[in-house]
Each structure stands twice: as structure tokens, then as C-alpha cells.
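Written below as C-alpha cells is the structure these notes are about.
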Amino acid sequence: MGKKILIVDDSRQDRKIIQRFLHKAGYGDLVLVETGEEGVLKAETEAPDLVITDTKLPGIDGFEVCRQIKEKSLPGNPKIIMMTGAIDAVDAVKARKMGADDYCAKTSDYATLIDAVGQILREGQN
């Protein structure tokens, strides 16, 4: 059975690029939303295995999305990867404090993100 991934990013272009790279990597069950509030709601209703959230979002930011999802103790306890487009904005300590399982910078090829997704989802099978 495929793993469900929720993508939370306010950039339509970034959502589509991430979706394309995940499809190429064999992940097909994807849910895409553009705000933090939508992300938290979808995490509750869709029960994803993994949430990928941008740090900078309109309304509640990715750190708050992460905190709220982890605090809710949702079924399956989804893993969370936080990502940022601004390398200097990566706050690893804050991401971990909010409950993130991993974090990475957005790059043009998204290889780091795809590697992180594969590693986290493989760990979840053990």
C-alpha cells in the first residue's frame, strides 16, 4: 500500500514541482494545500504518513503547523519534514523543538527532499 504525503506550500509552482519529483520517485498518493490552517485540517482528515511543510506560510507558519499536528497525536502519528527556500531561515533547533522529523532547503532538483522522504518513510516501516 502506498504512503500518503501531505504537501503544505503557499507557492503553487513549488507544490507542482514537489508533486512532480515525488511522482517520479514513485509516490502517488499526494494531497496538496497552500495554507498552514488547511495543512492542519487535512492532516486530521486525510491521515497522511508524512507531511512536508514550508516554513514560511500565510497565516500560521510551518513551525506552528508542525507543532499543532504533533500535539494532536493523530492516527498514524505522521512524520514531518520542514523545508525552506531561504537557507539562512533554516532553524534546525526550532524545527526539532516543534517536533519535525527532518528539515531541508528547497533546491532546484529537490534531491535532498526526495532522499529525506525515502529515509523517513522507510524508517516508518520498521
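The values are calculated or read from the model by the stated rules, or taken from the named source; none is laboratory data. Because the structure is a prediction, the values reported are computed rather than measured. Positions of Cβ are generated from backbone atoms using ideal geometry, with glycine treated the same way; all protein chains shown enter the neighbour counts.
A few points about this structure:
- Of all residues making up region 39-59, the number that are hydrophobic (A, V, I, L, M, F, W, C), touching a Pro at 6+ places or on another chain (Cβ under 8 Å) and part of a loop (DSSP other than H, G, I, E, B): 1
Residues are listed down the side, and each one gets a yes or a no for (1) aliphatic (A, V, I, L, M); (2) within 16 Å of Gly39 (Cβ to Cβ); (3) in contact with a strand residue (DSSP E or B) (Cβ under 7 Å, 6 or more places away or on another chain):
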residue: Gly62; (1), (2), (3): no, yes, yes
residue: Gln68; (1), (2), (3): no, yes, no
residue: Ile81; (1), (2), (3): yes, yes, yes
residue: Asp91; (1), (2), (3): no, no, no
residue: Ala105; (1), (2), (3): yes, no, yes
residue: Ser108; (1), (2), (3): no, no, no
residue: Leu113; (1), (2), (3): yes, no, yes
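- If you go through region 7-38 and keep only what is crowded, with 18+ Cβ neighbours inside 10 Å, more than 17 Å from Pro58 (Cβ to Cβ) and touching a residue at least 40 places away in the same chain (Cβ under 8 Å), you end up with Ile18, Leu22, Tyr27.
- Screening Glu37 with (1) under 24 Å from Ala111 (Cβ atoms); (2) modelled with pLDDT of 95 or more gives one miss only, at (1).
- Taking the criterion of being at pLDDT below 85, surrounded by fewer than 16 Cβ atoms within 10 Å (Cβ to Cβ) and either at positive phi or not hydroxyl-bearing (Ser, Thr, Tyr) (or both), the residues of region 107-126 that qualify are Asp109, Glu123, Gly124, Gln125, Asn126.
- Total residues in region 39-50, condition buried (at least 18 other Cβ atoms within 10 Å of the Cβ) and in contact with a helix residue (DSSP H, G or I) (Cβ under 9 Å, 6 or more places away or on another chain): 6
- Any hit, region 72-86, residues being surrounded by 18 or more Cβ atoms within 10 Å (Cβ to Cβ), assigned to a loop (DSSP other than H, G, I, E, B) and not aliphatic (A, V, I, L, M): yes
- Restricted to region 87-100, and to residues there that are assigned to a loop (DSSP other than H, G, I, E, B) and crowded, with 18+ Cβ neighbours inside 10 Å, the residue that is modelled with the lowest pLDDT is Met98.
- For region 26-45, the condition holds for no residue, the condition being that it is over 21 Å from Thr84 (Cα atoms) and under 13 Å from the mean Cα position of the chain (by Cα).
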